[in-house]
1. Give segment A:167-223 a look and list any residue that's assigned to a helix (DSSP H, G or I), within 14 Å of chain B (Cβ to nearest Cβ), touching a residue at least 60 places away in the same chain (Cβ under 8 Å) and more than 28 Å from residue B:14 (Cα to Cα), or say none.
2. How many residues are assigned to a helix (DSSP H, G or I), over 15 Å from residue A:160 (Cα atoms) and not aromatic (Phe, Trp, Tyr) if we restrict to segment A:70-97?
3. List every residue pair whose Cβ atoms sit under 6 Å apart, with the two residues 6 or more apart in sequence or on different chains, where the first one lies in segment B:310-339 and is assigned by TED's automatic domain parsing to the domain that holds residue B:281 and on the phi < 0 side of the Ramachandran plot and the second, anywhere, is in a helix (DSSP H, G or I) and hydroxyl-bearing (Ser, Thr, Tyr).
4. Of all residues being hydrophobic (A, V, I, L, M, F, W, C), assigned to a helix (DSSP H, G or I) and more than 11 Å from every other protein chain (Cβ to nearest Cβ) in segment B:17-34, which is surrounded by the fewest Cβ atoms within 10 Å (Cβ to Cβ)? Just the residue, please.
5. Among the listed residues A:104, A:5, identify the single one that is touching a Phe, Trp or Tyr at 6+ places or on another chain (Cβ under 9 Å), more than 14 Å from chain B (Cβ to nearest Cβ) and closer than 26 Å to residue A:201 by Cβ.
6. Consider residue B:188 carefully, then state whether it is in the same structural domain as residue B:358 (by TED's automatic domain parsing) and touching a Gly at 6+ places or on another chain (Cβ under 8 Å).
7. I need the full set of residues from segment A:249-279 which are out of contact with any Asp or Glu (no Cβ under 6 Å at 6 or more places or on another chain), in a helix (DSSP H, G or I) and over 24 Å from residue A:335 (Cα atoms), in order please.
2 protein chains.
Amino acid sequence: MDIFKFAVPELIFGRGSLKYTGICAKRLGAAKIFVVSDPGVEAAGWTQQLFELLGEEHLDYVYFNDVVANPRDYQVQRGAELYRREGADVVLALGGGSPMDAAKGIALVVSNGGKIRDYEGANQVKRPLPPMVFVPTTMGSESNISQFTVISDVERRLKMTLISRTLVPNISITDPLLLTTMTRDLVIPPLFDSLAHAVESYVSPIASPFTEVMSLRGLDLLIRHIRNAINTLHIDDLEQLAVAGSWSGMAFTNASVGLGHALAHALGGMYDIVHGMAHALLLPHVMRYNLGVSLKKMAKIGTILTGRTLADDEETALFGIEMVEQLREEFGLPSRLREILPDKTKLPQVSRNAVNDICLLTNPRPATWKDILNIYYEAW
Amino acid sequence: MDIFKFAVPELIFGRGSLKYTGICAKRLGAAKIFVVSDPGVEAAGWTQQLFELLGEEHLDYVYFNDVVANPRDYQVQRGAELYRREGADVVLALGGGSPMDAAKGIALVVSNGGKIRDYEGANQVKRPLPPMVFVPTTMGSESNISQFTVISDVERRLKMTLISRTLVPNISITDPLLLTTMTRDLVIPPLFDSLAHAVESYVSPIASPFTEVMSLRGLDLLIRHIRNAINTLHIDDLEQLAVAGSWSGMAFTNASVGLGHALAHALGGMYDIVHGMAHALLLPHVMRYNLGVSLKKMAKIGTILTGRTLADDEETALFGIEMVEQLREEFGLPSRLREILPDKTKLPQVSRNAVNDICLLTNPRPATWKDILNIYYEAW
C-alpha cells in the first residue's frame, strides 16, 4: 500500500444547520465576515436569512455577489479588492459551486497576493488563507469539502484548476433545507458532476482504502435516490443525495479526479457551458476510454449503477456506462455535444487546453491531446 | 435525520510515513518539540529513529517518557511542568494509547492551566491546545484520531474520560512498519478495544450516516484480518488492522462509544488492568445488554462478524456475540473477570464510578449503577 494522505474539513450536516453559520464564523475569529453568494441564492431567500442570522450573532459583514456560473478571474480580483478595502477576516460562501469556488479564489488572492492565475495547478499556494466557512445550496460540486477551485481565465478562454490543502474550508455546513428551493433544472446537472467525482476518484491511481469505500458509497447512494429526488424534489431524497455528494467529495478531494474533469474544464472554459452538463455528455465516453485499464473497478461501478453483475467484467462495466447514458436521457438532457455547442472548429484548441489540466495526472490511462480530441469527436 | 458533526484530523498513512513526522511538526510551527513516548517504544528502537529524523530536520526537542499503561494524572502534571520549563511549542506523541493520551493531557494542561481533573467530561476545554502530531505504534486505541483522552485519577481510583474537539490531534501519522515490533501479547488486547469502538459507535444514538458506514467497515476489515494478524504478525495483516482501526476511530470520535467503555474505564481505574483486556471480558455482556434496543444493528454486526444471517435478528446478533467470545478463547485470553481480579468487593464502587462516565450518555440503553453491577457479576 502506498503512502496516502486524507484530509476533510470539519463537517456539520442536517436540516436547520444553517443556524450554526454565525457561531462557526465566530469560532474562527470573525470580526468582519466576507460573505460570497450570487443573485440566484438571493432570489431563493437564503442570503437574507443568513444576514439575519449573522445579525442575531452581532456579526459585522460585507457582501459580494458579483459571481456567475464558471466564475471569472476578474470577479475573483474584484472580490479580493473589496475584501481588502473592507478589512474582512473570515470568508463565508453561501451557494453552489460557483460562489464557493470564487470565495476560495478571493481567500487565496487576499492572503497570497498577485493574481489567481499565479496559483494554477497543484500546491502553488505558499501562505495560509483566511478561515473559510462554506454553506452549499446545491449538491454536486462539493467545493465545501474539496481542496479544489476552478476559475475561468477569460483571456485564455480556459478554466484553471487549482489544488491545495489550503483551499479546504475550515468548516462545511450542509443544510438539506437549502436544497428545497432548487428547480428540477438546477438539480440535475450537478448530479452528473457528483457522478463523475465518484467514478473518477474510484479509478484514480491515488485512490486509497479510505477513498475507495467513500467513492462507492457516494455512487451507491446517488443511484438509489437520484430518480426520486429529481422526480419529486422531496427533501428526504435531496438529503440523501447531499450525503452521497459528501461521500464523493471526501473521496475526490483526497484521490483527485481524472480525464473527465480535464475535458469538462477545457470545454467549459472555451464555451462557458454548465459544468455538470459537460459531464453528462462526456462521462460515458471517458468511462469507455478508461475501461481497459480499470476493468475490475469499472465492473464494480457497473454493478452498483445497475444492480447487476453480468457474464464478465467488461459486460458489467459497459452496462454501467449505458446506465449513465440512460439517466441522461430520462432527465431530458441533450446526448450529443453538437446540441449545445455552435461548431467544432475550436475542439483542437480545447483538447490542447485539456491536456494541460492538472486533473489529467490522476487519470488511470494517459491521454494525448489527440486522444482527447477523439473523445470530443465521439461525443459530438 | 438529526444534525450531526463530523471531524477527523489530517491523516497520513503508509509504510515509511514516519519520515514525515518532522516535516509535519515544522508545518505546525515547531521550534521545540515536546516528544512523549514510553520505555516500551524506546526498547523497540522507534524513539531513537524518531530523534534521528528530527535531527535531520534540525528540529530541537525535549523528551518525556514518564508514562505507564493507564497514564496517571500526576504524570500529566509532571509532563506539563517539563513542557513549560523547556518552552516547548508542539506536542509529538509516539506510542500506543497511553503515551498518546498522556500527551493530550499535557497539551491540555499547558494551554488551559489547572489540573487535568478540572476538564473531566465533555466540552470542558476553553482555550486552544498547542499543535499535536501523533504517531501510533499500536492499533486499537485510535487516540491519534479521536477527541478522547482517558487519564487515571489515582486518588479516586478511576479513569477520567475527557472529550473535546480540541483533543483531536492536528496530524495523525500511521506507519504500519511500527506495528511489526509488537509481540503477540501486545497486539491482542487493543484489538478488543478496536472491536468495542466499532460496535459501540455503530449502536450509538448519535451515530450518523457517515459514522455508521465507517463502524461497519472497521468491523468488517478487523474480522477479516484479526486471525492472520495475530497468528503470523505479518505486516500485510497488521496494516489492514491499522486501516480497520482508523475506520473505527473516525466513527467513534464522532459517534462516541457507550456502556462498554464506561465499564472498562471504571474497572481499569480501580484495578489498573489493561484496557483492551477489560473489553475482551466485558464486551459480550454489554452487547447482550444492548441487544433488545438495537436489534437490527446488532444483527448487522452479527452478520459481519460471522458471515452468516440466521433465522431472525436475535439469533444472528447472538451468534455475533458468541464470535467475540470465541475470538477471546482462540487468542488465549481469560474469559472471566475473576481470573484477573483479586475479589469482587469493590465492584459496587466500580459500578458507581461507571455510571458517572460520560460514555454512558451515548449508550443506546440507559443503565443504572445496579444494572452495571449486574453486568460485572455476569462477567465475574
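1. A:176, A:177, A:178, A:179
2. Residues of segment A:70-97 that are assigned to a helix (DSSP H, G or I), as a first pass: A:73-86, A:97.
Still in the running and over 15 Å from residue A:160 (Cα atoms): A:78-86.
Remaining after also requiring not aromatic (Phe, Trp, Tyr): A:78-82, A:84-86.
Qualifying residue count for the region: 8.
3. Short answer, once both residue conditions are applied: B:310/B:316; B:316/B:303; B:319/B:306; B:320/B:306; B:323/B:306.
4. We begin by selecting, within segment B:17-34, every residue hydrophobic (A, V, I, L, M, F, W, C); these are B:18, B:23-25, B:28, B:30-31, B:33-34.
Going one step further and asking which of them are assigned to a helix (DSSP H, G or I), we end up with B:18, B:23-25.
From what is left, the residues that are more than 11 Å from every other protein chain (Cβ to nearest Cβ) are B:23, B:25.
Numbers: B:23: 14, B:25: 26.
Applying the filter and picking the extreme gives B:23.
5. On the way: A:5 fails: more than 14 Å from chain B (Cβ to nearest Cβ).
Just a single option satisfies the conditions, and that option is A:104.
6. Working: in the same structural domain as residue B:358 (by TED's automatic domain parsing): yes; touching a Gly at 6+ places or on another chain (Cβ under 8 Å): yes.
Here the answer is yes, as residue B:188 does meet what is asked.
7. Correct list: A:250, A:251, A:252, A:253, A:254, A:255.
Listed here are the residues, each with its yes/no results for (1) of a type in the set (Gly, Ala, Ser); (2) in contact with a strand residue (DSSP E or B) (Cβ under 7 Å, 6 or more places away or on another chain); (3) buried (at least 24 other Cβ atoms within 10 Å of the Cβ).
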position: A:112; (1), (2), (3): no, no, no
position: A:127; (1), (2), (3): no, no, no
position: A:133; (1), (2), (3): no, yes, yes
position: A:142; (1), (2), (3): no, no, yes
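The values are calculated or read from the model by the stated rules, or taken from the named source; none is laboratory data. Note that the structure is a prediction, hence the values are computed from the model and not measured. No Cβ is skipped: glycine too gets one built from the backbone with ideal geometry, and neighbour counts run over all protein chains shown.
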